[in-house]
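What follows is a set of notes on a single structure, which appears directly below.
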């Protein structure tokens with residue numbers, strides 16, 4: 001008794017029926033179809049006529065259909081996830097089976113001469129209809145019970161083409177989904193009023209809000225195909241006041257497959273998804289030719305830019321990756337990621353401070369990198385205003401250490417990551433990066449002047465770009481955290497603007513610039529149109545779906561300015577073969593003069609006298625004019641001496 005109870009519990013609780021159960025149901029349908037066909041052909045009493053050959057008909061129908069079921073795998077699908085493909089498979093299987101039976105009966109082959117062709121034809125129609133209906137009924141009942149068993153939310157899908165329909169199908173069959181499809185949104189007037197998957201298609205116009213209200217819809221899923229259009233349309237502004245949440249779906253080839261069932265991967269639309277930028281393409285073969293089979297070093301590898309460069313470089317099959325950072329925990333996370341995704345890649349994670357020349361010398365001696373991406377730096381403007389010495393010792397001294405060792409150990413290319421804050425700097429961080437640019441460029445020019453014919457030299461490339469969305473410590477994670485806490489969202493000034501780029505596209509351009517550079521260039525990137533930070537905050541609040549979150553203005557921070565520049569006013573640019581990358585024509589410095597001034601600045605940094613250190617920085621970079629900082633006094637008084645008494 002207990003065994004029988006366990007047997008039924010096992011199969012009644014199974015999420016997917018075993019194949020033999022589906023096959024048995026289909027065989028019973030074959031038997032029932034033949035009997036019903038005989039009743040329709042010869043009436044009910046004719047079935048029990050001793051001269052009736054119904055037993056022979058049923059036997060052969062079952063045997064032939066069973067073979068076709070096996071050949072066409074009609075019983076291998078999951079009933080509640082049946083699709084048009086499964087119905088077509090049933091149609092082909094039954095057509096072949098009853099076609100064979102009808103032909104054999106028609107030509108009176110052997111015992112098949114006793115079979116009635118008209119009975120076979122009726123049995124075929126009934127059989128196909130019942131098998132198809134079984135799957136449709138199970139699918140419909142499952143979807144209905146699944147939606148009724150939990151609280152479902154009404155949803156519209158923006159995109160009435162193939163991608164949108166596929167999202168709708170996946171939402172319906174995904175048992176984890178709690179969305180009920182109520183309609184599609186289209187930009188194509190030809191589709192207005194059409195019915196897709198049992199729901200109506202609505203036009204994306206000013207009447208859309210009325211339809212959303214009538215259908216009690218508070219969620220719109222945007223198909224990937226419509227994301228570009230969403231960026232430039234006024235749809236977001238129209239939805240904001242109605243508190244409609246926006247989601248998007250991964251591209252179809254990224255969806256999960258479990259038990260042969262496609263499962264959706266919906267995610268809330270983030271501000272990064274709505275950045276109004278064209279897709280950036282790079283010359284993959286050229287980049288690959290520079291990195292494949294090379295020993296590649298990345299400093300600051302645990303940072304936002306460094307780890308993304310690591311991911312992209314890893315795809316180009318380098319011989320070895322040497323990843324350097326002084327942040328232990330983030331570097332450990334990178335190590336785990338490498339073990340999970342690039343197990344066969346020779347990658348070494350090294351904890352090191354780039355201002356420690358002895359430590360770096362040992363690393364270069366052991367690994368002899370051929371290609372260096374230098375992303376290590378202190379980057380937070382207010383922090384560096386308060387820690388000037390660290391800005392010099394890490395940003396300037398660290399860069400000089402790496403550059404000098406790259407020359408000493410024959411590195412082929414050295415790509416330095418700079419910032420738009422190095423242009424007409426108004427803060428210590430930006431000026432420190434400009435000093436790094438000056439040193440690297442002057443060293444590159446010196447090497448090129450002294451190069452002997454045929455002698456390889458280290459090529460120094462500088463890349464300069466603005467803020468990256470979502471980087472560690474940037475406004476995006478900060479705003480997101482403030483929104484999750486219920487606000488307020490703090491913005492420094494209502495008119496402050498910044499250039500933005502996503503981390504992956506910034507790193508793609510870094511790789512492209514590195515491959516095209518010959519030495520001494522400073523590349524700047526087309527950052528698109530600047531973004532007002534207050535608009536960014538408002539969009540993030542809307543996308544979060546939360547209400548009542550206020551924006552507060554806190555005033556400019558130390559060293560901060562309302563807008564960033566990618567070029568000095570005296571600089572000009574010249575194009576490259578990539579329309580997103582330009583070369584800046586900047587003032588060139590004499591290496592020997594620069595070397596002495598920077599050495600003096602580094603020596604002074606150990607005095608920890610911030611005023612003297614900043615005064616020395618202003619002598620190297622005359623355009624450095626402090627803003628909203630205690631160092632403004634240095635710009636209003638005669639230049640103070642940088643020498644200790």
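Any read-out appearing in this document is the output of simple, stated calculations on the displayed coordinates, not a laboratory observation. All values reported here derive from a predicted model rather than from experimental measurement. Virtual Cβ from ideal backbone geometry, glycine too; neighbours counted across all protein chains shown.
Tabulated values for the structure
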{"item": "Estimated distance in nm for a label pair at residue 169 and residue 214, the labels positioned 7 Å out from Cα along Cα-to-Cβ", "result": "2.9 nm"}
{"item": "Estimated FRET transfer efficiency (residue 205, residue 284; beta-carbon r; R0 35 Å; 0.05)", "result": "0.30"}
{"item": "Estimated inter-spin distance, residue 412 and residue 21, nm [label 7 Å along Cα→Cβ]", "result": "6.1 nm"}
{"item": "Rounded if a/c under 1.5, otherwise prolate or oblate - the range 335-450, Cα gyration tensor axes", "result": "oblate"}
{"item": "Sorted by Cβ neighbour density within 10 Å, fewest at the top, the residues 582, 209, 297", "result": "209, 582, 297"}
{"item": "Sorted by Cβ neighbour density within 10 Å, fewest at the top, the residues 418, 118", "result": "118, 418"}
{"item": "Ordering of 186-195, 419-428 by burial proxy (mean other Cβ atoms within 10 Å per residue, highest first)", "result": "419-428, 186-195"}
{"item": "Pairwise label distance in nanometres, residue 588 with residue 39, each label 7 Å out on the Cα-Cβ vector", "result": "9.8 nm"}
{"item": "The range 284-633 - Rg (one decimal) and Dmax (whole number), Cα, Å", "result": "20.1, 69"}
{"item": "Sequence of 342, 60, 20 once ranked by neighbouring C-beta atoms within 10 Å, starting from the fewest", "result": "20, 342, 60"}
